[in-house]
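For reference, the structure discussed in these notes is given below.
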Amino acid sequence: MMKKIAILGGSGFVGQYIVEKLFDSGFDVNLISRKESHLHSDKRAKEEIVDLYSKDLLQALKGSDCVIFNIGIIREFHRKGISFKNIHQDLAIHTINMAEKANVKKFILMSANDVNLMRTPYERTKRKAEEYLIQSNLDWTIFRPSIIFGNPKGKMEFCTQVKRDMVMMPFPLPIFFSGLNLFKAGSFKMSPIHVDNVAEFFVKSINSKNSNYQIYNLGGTKSYTWLEMLRAITFASGNKKFSIPVPFSLLKILSFFLDQFNWFPVTRDQLVMLQDGNTCESSKYFSEFNIDEIPFNRNSLSYLS
């Protein structure tokens, strides 16, 4: 029975929920970070501040039964040395190597739905980390969530960002479309999954031998079109707005020049992935892990009001 868990990325949106679930399940938690987080005041957690890219990480991982790697970014800032390759690939591979040397038993990796398509640098670097982990000597589990929603607790979250960048702006809601077919505007689909459910999958997999050497594509059991999701977010936010078709081609041109800025709502990679939708079938996983799904509806979106 594994008891001691080291987590990298424990202070982010999903990480906060995973850490709380770990505490609730009685695990000993070691938060490994490059800088001090707000969670350090919780006396239940041990926190180690190390240079994650150095060999100091080896010492921080020693004594851990399981490592959870939950570090990820959605936007690159090359001038600051922040890139998908540095974070998703190089740091993940370094952590896997250090975990092997520290005699860690299991490694759980946060990936993303559809990374196997390798359409973008975001997906390619996450897939490279997966491939490296699969070839390691560790027991491993890989989770690939679709769109994750839930109370962000001060962090970045999909629905909150849509509310800020689209619903609250003084222009109609954009329903995107490809090519010239306006009738298909907003018809691409996603399978949103609640962050609490994602965290529960992570924690329940730790001592589940059946989850070893498995890749799980996680999403809600019902898929929604972009238009349906926009309307749900708008309604939960207490707003009423008209919508207008917007071609992906126009956004791609704008993002080419502007996605380096935080204020621009989408990046080129996000547009490519959004255009194809983001769905998966996960009903059997909720049953397998004995998890009650939190549906995407007005009640679960109440944090937007």
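The values are calculated or read from the model by the stated rules, or taken from the named source; none is laboratory data. These numbers come from a predicted model, not from an experiment. Heads up, the Cβs are rebuilt from the backbone with ideal geometry, glycines too, and the neighbour counts pull from every protein chain shown. The area values use the complete protein model at the heavy-atom level, side chains included, leaving out ligands, DNA and RNA. Shrake-Rupley method; radii C 1.70, N 1.55, O 1.52, S 1.80 Å.
Some points to look at:
- Fraction of beta bridges assigned by DSSP in the chain that are antiparallel (%, nearest 5): 10 percent
- Each pair of Cα atoms in the chain enters the Kirkwood radius, and Stokes-Einstein at 37 °C and 0.692 mPa s then converts it into a translational diffusion coefficient of 163 µm²/s.
- Angle of helix 195-205 to the longest C-alpha principal axis of the chain, folded into 0 to 90 degrees and rounded to 10: 30°.
- When only Cα pairs below 8 angstrom with a gap of at least 6 residues are kept, the chain shows a relative contact order of 18 percent.
- Over 31 Å between alpha carbons, listed pairs 85/240; 80/105; 55/128: 85/240; 80/105
- Calculated FRET efficiency for the pair residue 288/residue 168, C-beta based, R₀ 30 Å, to 0.05: 0.15
- DSSP-defined beta bridges in segment 161-305 - what % are antiparallel, rounded to 5: 25 percent
- Accessible surface calculations at 1.4 Å, restricted to protein heavy atoms, place the chain at 49 Å² per residue.
- Simple point charges give the picture: +1 on the Cβ of Lys and Arg, -1 on the Cβ of Asp and Glu, and for the chain a dipole about the Cα centre of about 440 debye.
- Angle between the chain longest axis and helix 121-134 axis [Cα atoms, degrees, rounded to 10]: 30 degrees
- Cross-link partners for residue 284 among the aspartates and glutamates, with Cα-Cα distance under 17 Å and sequence neighbours closer than 8 places in the same chain left out: 200, 292, 293.
- Counting only DSSP beta bridges with both residues in segment 33-160, the antiparallel share comes to about 10 percent.
- Exposed GluC sites (Glu not before Pro) absent - longest run of the chain, DSSP non-H/G/I/E/B, at most 12 other C-beta within 10 Å: 37-280
- For the chain, the longest principal axis of the alpha carbon atoms and the long axis of helix 13-24 meet at an angle near 40°.
- Sequence-separation-based contact order of segment 1-126, relative, with Cα cut under 8 Å and 6+ spacing, percent: 24 percent
- Heavy-atom accessible surface of segment 162-305: percent carbon and sulfur, 1.4 Å: 57 percent
- Percentage relative contact order, segment 65-177, counting C-alpha pairs under 8 Å, at least six apart: 23 percent
- Among 216, 285, 122: highest mean-square fluctuation, GNM of the chain, C-alpha pairs under 10 Å: 285
- Using a probe radius of 1.4 angstrom, the carbon and sulfur fraction of the accessible surface of segment 47-146 is 47%.
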